[in-house]
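Coordinate-derived values only; no laboratory data. In this text the structure is predicted, and so the values were computed from the model without any measurement. Here the Cβ is made from the backbone with ideal geometry for all residues, glycine too, and neighbour counts use every protein chain on show.
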Amino acid sequence: MLLKDFKPSPVTQDHVQFYRIVHLAFDKQMEVPFKAYPPRPEHCLAFYPLDTEKVVYENSGRIIENIPVVLYGQPLEVTQRHIGHQFLVLQVIFFPGSLYSLTGIPATEFTNEYLDAELFFSTSLREVNEQLYHAHGYDHMIHIAEHFIESLVKKRARKPDLADAACRLILQQGSRISLDKLASLACLSHKQLERKFKERTGVNPMHYSRITRFDKAFRLKNSFPHYDWLRIAIECGYHDYQHLAKDYKDFTGLTPVAFHQLENKAPERTFGLSENYQPYS
């Protein structure tokens, strides 16, 4: 079983943060638990060569299923991810702004959506998914995905500008950088920065900063479960535990303790795997 991140090639590293493969196989008699997937600073192209997911939006109750190649933008609420007994996904996690660069479509169109990727790229995605199904190991899967993304970058990618750099700076530094400094670095007014930022990420800078900081706390607690919540809060740039707890409540509807109790029942935990903390590059 596997939950592993892979670095992109030099050709794609300006657009792809990392590739992630999750491979889980359960006994047919076992009831597979669902994954509570919280908001995170993420735009993603996901290939499902085996069983697809059923996605249930907790706030709206929307249900989406049976899509073999998915494109989703910035999540704003917890979704329940229900997987099959033979689960394999290859995720391409883009940098903020890259989805806009590759599609020409404002990221607001993808925000909190889980969409059929063929609507935005081409039917060649089916061929890529078929190749992934027949791949000879995980490294071969990464090679297949890299080849597709490289061709996409060469054909479609727009040259990044200062607004793209500002988006990535929040990803790297979170709340530690002010909006005044971001606007100055991007040579934009506050209004221009917000418009370009939403165009690239799907949300405004403040909202994106909160999601980034929350996600850091979530993954840090996964990596170091023995850390107390005050330490998690301070290391992630919160003033105190109460501010951290407010973000958990706003983004998940639960307290930090309650949400991580749910996280501990996620499918990958059956095999001793978890999403761990890595600084954004």
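Overview of results
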| item | result |
| --- | --- |
| Note, ³J(HN,Hα) from phi for segment 76-81, Karplus 6.51, -1.76, 1.60, rounded to Hz, x at Gly and Pro | 10, 9, 5, 10, 8, 9 |
| Relative contact order (percent, whole number), the chain, Cα cutoff 8 Å, 6+ residue spacing | 21 |
| Shape of segment 1-83, Cα gyration tensor, a/c cut at 1.5 | oblate |
| Residue 187/residue 59 FRET efficiency (R0 41 Å; Cβ-Cβ; nearest 0.05) | 0.65 |
| Taking segment 129-216 and dividing mean pair separation by its residue count, relative contact order in percent (alpha carbons under 8 Å, at least six apart) | 26 |
| Relative contact order, percent, segment 1-140 [alpha-carbon distance under 8 Å, six or more residues apart] | 28 |
| Listed residue (48, 29, 9) projecting farthest to the positive dipole end of segment 1-90, Cβ model | 9 |
| Gained length - residue 195 relative to residue 124, 0.36 nm times residue gap less alpha-carbon distance | 22.3 nm |
| Inter-probe distance in nm under a simple model that places probes 7 Å from Cα toward Cβ, at residue 270 and residue 180 | 5.3 |
| Set 154/196; 35/155; 54/249 screened for pairs whose C-alpha atoms are more than 27 Å apart | 35/155 |
